[in-house]
Every structure is written in C-alpha cells, then in structure tokens.
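Asks: My questions will all concern the structure given below.
The values are calculated or read from the model by the stated rules, or taken from the named source; none is laboratory data. Model, not experiment: these values are computed from the prediction. Backbone-built Cβ (ideal geometry, glycine too); neighbour counts: all protein chains shown.
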Amino acid sequence: MTARIQGRVGAALMCAGLLAVATASTISRSTVSYEAPDVTLVRADGKPVSLPRELDDGRPVLLNFIFTTCSSICPLTSRTLEEFQRKLGREASRVHLMSISIDPEQDTPARLTEYARKFHAGPEWQYYTGSVAASIAAQKAFDVYRGEKMSHTPVTLMRSAPGKPWLRIEGFVTPDELLDDYQKLLASP
C-alpha cells in the first residue's frame, strides 16, 4: 500500500471514528442566563468590538468557542454550523453566528478569515479573537472554560433575542437538530 493510499485510508478511518463518537455522544440541553463580560474582542475583519454589543445586535445568536488548529471537536461543530447556515437559506441573514477563539495567541484575524472560508461562513457568521484575558473572560462567562484548549468540549449556545435566556446545548448536535432547536426557541414566548 502506498503512503498516499495509507494516508487516505487513515483519514477516512479517523473521520468515521469521529462521526461515530459524535453520533454516540449524549446531548444535553438546558436553559441558562449568562451575562457577557465587558471585554473587547477583535473580529476576523480586524475591527475591535465590544462583546456585549455584538451579542445584543437585535438578532438571534448562535455562539460557540473554537480554535483553528483543533482537529477534533471544532471541525465537527463548525461543519454543523456550516450546514445549519445552508439549511436556513435566506433566513440566515437574520441570525448572528459567532465563533470565539479559545487560542487567541495563534488565532489572528487572518487565520480566522482563512478558517471561515474553509467552512463557507456567510457574512452573518463572524469569528473573534482578542487578548488571552478577554478570551478567558468570555469562556468563563459562558461556562466553557476548561483550563486549556485541549480540554474543551462541544457546546453551542443559542438565544432568541437580547435579554432572553440562552439554550445551552452540550454534545454533538446534528444540523437538523440545531435547526429544530432554533425554530423552537424562536417560537417560544
């Protein structure tokens, strides 16, 4: 077997293994209240922004935490958001998808821009970096801080509007499940 074929077989087996883990994982959902810390992040376009203002722009928000060199959880959750965005169609422009880096020392705006391209992020899906302190403050505020990046877990947070509680989804959710959660969240009073 050539090295090229072995590499392809290895990659296919790894993807199949990750998919099996994702499919077998349990998903938990809870309704929680969070207060965003008053920190400044830097969007992938290089613009410094206030996290609370970004979260409260009037649109529903889907939020997750990623890092661009992750080879396990982040690609799976990013593919889920990519497919969610596609399934929304025209509705996608009404939703603010936010991915905040948990490795801001490596994840420069340029790196985040490249990562966004990889997952076909539309203009409503924005990526953020910033200082280590700002990243940790955001992670702690949303209860996803695990001490270091290799200990992170798959968490997606969703809120229908500013001032409303968050739906916290822990585990690997499918794009269809995420779309269903989103539609239920918007329909609830």
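Asks: Looking only at the range 135-154, count how many residues are surrounded by 20 or more Cβ atoms within 10 Å (Cβ to Cβ), among the aliphatic types (A, V, I, L, M) and at pLDDT 95 or above.
Replies: Looking only at that region, the number is 1.
Asks: Another question, if that's okay. Say whether the condition of being among the small types (Gly, Ala, Ser), out of contact with any strand residue (DSSP E or B) (no Cβ under 9 Å at 6 or more places or on another chain) and at positive phi is met by at least one residue in the range 127-134.
Replies: So far as the range 127-134 goes, no, none of its residues is among the small types (Gly, Ala, Ser), out of contact with any strand residue (DSSP E or B) (no Cβ under 9 Å at 6 or more places or on another chain) and at positive phi.
Asks: SER50: farther than 18 Å from LEU157 by Cα, loosely packed, with under 13 Cβ neighbours inside 10 Å and among the hydroxyl-bearing types (Ser, Thr, Tyr), yes or no?
Replies: Taking the combined requirement at face value, the residue does not satisfy it.
Asks: Select from the range 138-189 the residues that are among the acidic types (Asp, Glu), assigned to a loop (DSSP other than H, G, I, E, B) and without any contact (Cβ under 8 Å) to a residue 24 or more places away in the chain and list them in ascending order.
Replies: Of everything in the range 138-189, just one residue is among the acidic types (Asp, Glu), assigned to a loop (DSSP other than H, G, I, E, B) and without any contact (Cβ under 8 Å) to a residue 24 or more places away in the chain, namely GLU148.
Asks: Then there's this: Of all residues in the range 80-118, which are among the hydroxyl-bearing types (Ser, Thr, Tyr) and surrounded by 19 or more Cβ atoms within 10 Å (Cβ to Cβ)?
Replies: If the condition is that a residue be among the hydroxyl-bearing types (Ser, Thr, Tyr) and surrounded by 19 or more Cβ atoms within 10 Å (Cβ to Cβ), then THR80, SER99, SER101, TYR115 are the ones that fit.
Asks: Let me ask something additional. Taking LEU55, is it touching a Leu at 6+ places or on another chain (Cβ under 7 Å) and either within 17 Å of ILE102 (Cα to Cα) or surrounded by 15 or more Cβ atoms within 10 Å (Cβ to Cβ) (or both)?
Replies: So LEU55 fails the test.
Asks: Here is a list of conditions, (1) surrounded by 12 or more Cβ atoms within 10 Å (Cβ to Cβ); (2) modelled with pLDDT under 95, and ALA3 meets all of them except one; can you say which number that is?
Replies: In the conditions (1) surrounded by 12 or more Cβ atoms within 10 Å (Cβ to Cβ); (2) modelled with pLDDT under 95, ALA3 misses (1) alone.
Asks: Then there is this: Across the range 32-47, which residue is surrounded by the most Cβ atoms within 10 Å (Cβ to Cβ) among those that are closer than 25 Å to SER151 by Cβ and of a type in the set (Val, Ile, Thr)?
Replies: VAL42
Asks: Considering only the range 160-181, state which residues are touching a helix residue (DSSP H, G or I) at 6+ places or on another chain (Cβ under 8 Å) and within 28 Å of PRO104 (Cβ to Cβ).
Replies: Scanning the range 160-181 gives PRO162, LEU167, ILE169, PHE172, VAL173, PRO175, LEU178.
Asks: Considering (1) in a helix (DSSP H, G or I); (2) at pLDDT below 95; (3) in contact with a strand residue (DSSP E or B) (Cβ under 8 Å, 6 or more places away or on another chain); (4) not aliphatic (A, V, I, L, M), say which one GLN85 fails and leave the rest.
Replies: Exception for GLN85: condition (2).
Asks: From SER78, SER50, SER72, grab the single residue that is of a type in the set (Gly, Ala, Ser) and farther than 21 Å from LYS149 by Cβ.
Replies: SER50
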